[in-house]
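Data first, discussion second: the structure below is written as structure tokens.
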């Protein structure tokens, strides 16, 4: 017969053992509102890489992407992983630099044997590694916008952001509704800015819109007064600025300081809180094409993206006490795409690539993706809405 002390000790040990077992398991929601039951993660982790501009002048893109990757890793593992396997996302900082990006990609592909790579944040950084990824035969899902990333289509390279070409097509539509026929182009000299300028040169004149001058600036420049003064001396009816913060925010402030009373239309590269914070009151009135995430509260509930937009934004706000933005959304879409592929085909690089290329009606924060052998972005200009900054926040301009 056990003593009372022995019985109590056994009960305590049992509770501790159960706690340890449950602590090593993910929780799977049970049907009918019953208590969640543990789902044990077993087997080798499914490892993917993530390369973002966490530091450097493009950190306003990379930080929300990094945060999103960390959040998704936990979410997926807490929900049972990938078919019971834990998801392990190895994150590297590219500093927004092409050479750093290539080094990070090699470290993850060759050192960590990742199944796929998500990122980088920038067009130029992505273009620096596409040949390496093709040679390595590892799927790359970029979080950068330049059309050159996927045109022509490369076998192993995809991307989730809406392309700059689509953004300019959307801007052309907007300019026509405002009867604007003359614009000035002002772009940064990064890969993103150069890609946007090339599309402006092709699409705007073809649409009957004259570009009266093309001006450039460096992403680390602290003033664009010289370029804006030159633009002020033209007959431009609007300025189209192509870049990512801080540059376009400085442009907005300089235009206000120089009493430029024509509209400033920016690229989707400013679709985050950093632009609003730097530009301050000068941001009011700025128009841009953006994904629906920025204005999710103004999107009809029956829109196919509505539930995804709300899920991502609510979870990001809850975890980081910050609003979700477009760039973190690109990482969400890319990682969810790879995770969905792995659930279907397992840890096989070629099979993951094939699954993504054939995927239709994949709903993400950036739009509804329809991939094919010729289309490795999977979006059209309808993934954009026109947005205007009013009273320091984003509003639908349509």
Q) Can you spot a residue in region 127-145 that is under 27 Å from residue 320 (Cα atoms), in contact (Cβ under 8 Å) with a residue 24 or more places away in the chain, surrounded by fewer than 23 Cβ atoms within 10 Å (Cβ to Cβ) and touching a helix residue (DSSP H, G or I) at 6+ places or on another chain (Cβ under 6 Å)? A) no
Q: Kindly establish whether residue 202 is closer than 24 Å to residue 179 by Cα and within 29 Å of the chain's Cα centre (by Cα).
A: yes
(Q) Take residue 250 and tell me if it is within 25 Å of residue 176 (Cβ to Cβ) and assigned to a helix (DSSP H, G or I). (A) no
Q) Of all the residues that make up region 45-73, how many are surrounded by fewer than 18 Cβ atoms within 10 Å (Cβ to Cβ) and within 19 Å of the chain's Cα centre (by Cα)? A) 2
Q. Considering 288, 294, which residue is assigned to a helix (DSSP H, G or I) and touching a residue at least 40 places away in the same chain (Cβ under 8 Å)?
A. 294
Q) On the given criteria, is residue 57 at pLDDT below 95 and over 23 Å from residue 342 (Cβ atoms)? A) yes
Q: Have a look at 169, 216, 199 and point out the one that is in contact (Cβ under 8 Å) with a residue 12 or more places away in the chain, in a strand (DSSP E or B) and touching a helix residue (DSSP H, G or I) at 6+ places or on another chain (Cβ under 9 Å).
A: 216
Q | Scope region 214-228; condition touching a strand residue (DSSP E or B) at 6+ places or on another chain (Cβ under 7 Å) and buried (at least 16 other Cβ atoms within 10 Å of the Cβ); matching residues | A | 215, 216, 217, 219, 224, 227
Q) Can we say residue 316 is at pLDDT 95 or above and within 17 Å of the chain's Cα centre (by Cα)? A) yes
**Q.** Residue satisfying all of: in region 172-196; part of a loop (DSSP other than H, G, I, E, B) and out of contact with any strand residue (DSSP E or B) (no Cβ under 7 Å at 6 or more places or on another chain); farthest from residue 232 (Cα to Cα) among these
**A.** 190
Q | In region 362-377, the residues that are in contact with a strand residue (DSSP E or B) (Cβ under 6 Å, 6 or more places away or on another chain) and either surrounded by fewer than 18 Cβ atoms within 10 Å (Cβ to Cβ) or free of Cβ contacts under 8 Å to residues at least 60 places away in the same chain (or both) | A | 362
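The values are calculated or read from the model by the stated rules, or taken from the named source; none is laboratory data. Bear in mind the structure is a predicted one, so any value in this text is a computation, not a measurement. Positions of Cβ are backbone-derived with ideal geometry, glycine not excepted, and every protein chain shown enters the neighbour counts.
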